[in-house]
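Below is one structure, written out as structure tokens; the observations come after it.
Please treat every number below as a calculation from the coordinates, not as lab data. Note that the coordinates shown come from a computational prediction; the quantities given were computed from them, not determined experimentally. FYI the Cβ positions are ideal-geometry reconstructions off the backbone, even for glycines, and counts take in every protein chain you see.
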Amino acid sequence: MLSFSDALLAIACTLYFLRGFRLENINATPYANLDPHCILDAIESIGFNCNGSLFALNSYENRVYQIGIEDEAPIIAKFYRPQRWSDAAIQEEHDFSNELFQLEIPVVSPLVANNGQTLNHFQEFRFALFPRRGGRIMELDNLDHLEWMGRFIARMHAIGACKPFRHRERLDVKTRGYNTHEFLIKNNFFPESLADDFNKVTLELLQKVEERIAAAGNVAYIRLHGDCHAGNVLWNDEGPQIVDLDDCLMGPAVQDLWMMISGNNEDQVNMQMERILRGYCEFYDFDYRELQLIEALRTLRMISYSAWLAKRWDDPAFPLNFPWFNTHHYWQVHLEDLREQLMLLSQ
């Protein structure tokens with residue numbers, strides 16, 4: 001008869017494969033060998049006593065799990081996607097997170113293992129552990145919450161401006177624009193009937209993005225969260241907590257602000273940004289020239305998002321969770337969206 005912990009592990013294994021890691025494709029994914037036994041062995045290798053409980057959490061870029069610990073609260077384990085970041089880049093993410101945490105800025109920072117490290121290695125995998133934190137999604141239509149977020153992000157930026165990243169990406173037209181577009185072209189992701197139009201529209205767009213960036217002048221590049229949207233903010237009675245600094249990079253401050261804005265009504269959008277900046281300017285100066293970068297940054301995100309999906313299309317989790325991607329309809333709609341961005345940037 002199975003022990004209780006073995007029974008839990010068997011259930012975890014079943015859930016693991018039901019989440020889309022299909023056996024016939026398992027050798028094609030970078031996580032082919034990351035089964036529940038490997039996950040729990042990795043956690044125990046750095047001094048934690050697992051009770052056999054393992055629950056997969058929603059994450060596409062990395063693999064993230066809630067792990068039960070004997071006689072203690074569960075923890076969160078994040079296994080980094082192989083070949084994406086260097087060890088030095090991941091360590092900079094951890095160091096930035098801990099720097100913020102030590103200065104009482106509420107981010108969920110990685111735990112230090114018995115070996116004194118936050119970045120751990122097991123077999124071919126790299127992973128980090130985090131405390132489990134609860135909360136709800138922030139209310140993007142709540143102006144008080146947006147002003148609070150403005151104060152919070154400003155405190156983060158005041159620290160981020162103190163020194164640069166040396167191993168993280170820089171948010172610019174080359175990395176998020178030309179390089180990602182070149183990947184899609186070289187790997188024939190665009191339908192043949194649309195490829196010429198995509199190439200023409202994208203190159204025109206990137207030229208407009210360069211012009212918009214040049215018009216803004218010499219804005220400061222600082223350490224940022226980089227992917228600061230509502231899904232990466234947990235809200236509780238004490239306010240917001242930032243999670244997932246996996247995309248932290250060097251960029252203009254407005255990158256961490258514009259994704260807090262929701263809706264298409266111009267008056268509503270202006271009111272939301274006004275409240276964010278009201279809170280922001282209580283703790284850190286904002287260069288208002290950066291506001292003219294918003295559509296340029298949105299364009300780079302649109303282009304790089306398609307390339308992000310394309311680069312991971314051999315991972316079985318992606319076709320399962322993004323079945324609409326890489327269809328003729330998807331590329332038609334995406335092309336029209338890029339044309340709308342070209343019109344906006346041409347005004």
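Brief remarks follow.
- Entries in LYS174/LYS200; LYS163/LYS186; LYS78/LYS174; LYS186/LYS208; LYS200/LYS311 that, when Cα-Cα distance is taken, lie over 25 Å: LYS163/LYS186; LYS78/LYS174
- Point-charge dipole on Cβ atoms (K/R +1, D/E -1) for region 28-157, about Cα centre, debye to 20: 200
- DSSP beta bridges confined to the chain are antiparallel in about 95 percent of cases.
- Per-peptide average of other Cβ atoms within 10 Å, ordering 44-50, 242-248 highest first: 242-248, 44-50
- Whole-Hz ³J(HN,Hα) from phi, Karplus 6.51 cos²θ - 1.76 cosθ + 1.60, for region 56-72, glycine and proline x: 6, 9, 5, 6, 9, 5, 10, 10, 10, 9, 8, 10, x, 10, 4, 6, 9
- Dipole magnitude for the chain: computed about the Cα centre from +1 point charges on Lys and Arg Cβ and -1 point charges on Asp and Glu Cβ, it is near 540 debye.
- The Cα center of region 289-347 and the Cα center of region 90-154 differ in position by 27 Å.
- All-pairs Cα distance distribution in region 292-347, expressed in whole percent, bin size 10 Å: 21, 45, 26, 8, 0
- Summarising the amide proton neighbourhood of LEU54: residues at separation of 5 or more, or on other chains, whose placed amide H is nearer than 5 Å comprise GLY68.
- Cα extents of region 154-229 along the three principal axes, largest first (Å): 48, 26, 24
- Charge dipole of region 122-172 (Cα centre as origin; +1 on each Lys and Arg Cβ, -1 on each Asp and Glu Cβ, all else neutral): 400 debye, rounded to the nearest 20.
- For region 225-239, Karplus couplings with θ = phi - 60° (6.51, -1.76, 1.60), whole Hz, Gly/Pro x: 5, x, 9, 8, 10, 4, x, 9, 10, 9, 10, 9, 5, 8, x
- Extent of region 58-203 along its three principal axes (Cα atoms, max minus min coordinate, largest first): 60, 46, 32 Å.
- Helix 143-160 axis, angle to the chain major axis (alpha carbon atoms, nearest 10°): 80
- Along region 114-124 the Karplus relation, 6.51 cos²θ - 1.76 cosθ + 1.60 evaluated at θ = phi - 60°, assigns HN-Hα couplings of 4, 7, x, 10, 9, 9, 10, 10, 8, 6, 8 Hz to successive residues, with x for each Gly and Pro.
- Among 131-144, 96-109, sorting by the average number of other beta carbon atoms lying within 10 angstrom of each residue, highest first, gives 96-109, 131-144.
- Diffusion constant of the chain at 10 °C, which comes from Stokes-Einstein with the Kirkwood Cα-pair radius and 1.306 mPa s, µm²/s: 72
- Reported to the nearest whole Å, the Cα centre-to-centre distance from region 159-200 to region 39-78 is 34.
- The long axis of helix 87-102 is offset from the longest Cα principal axis of the chain by roughly 90 degrees.
- Its relative contact order, with pairs defined as Cα atoms under 8 Å and 6+ residues apart, puts the chain at 19 percent.
- Most fluctuating residue given options ALA128, ALA154, ALA220, as computed from a GNM of the chain linking Cα atoms under 10 Å: ALA220
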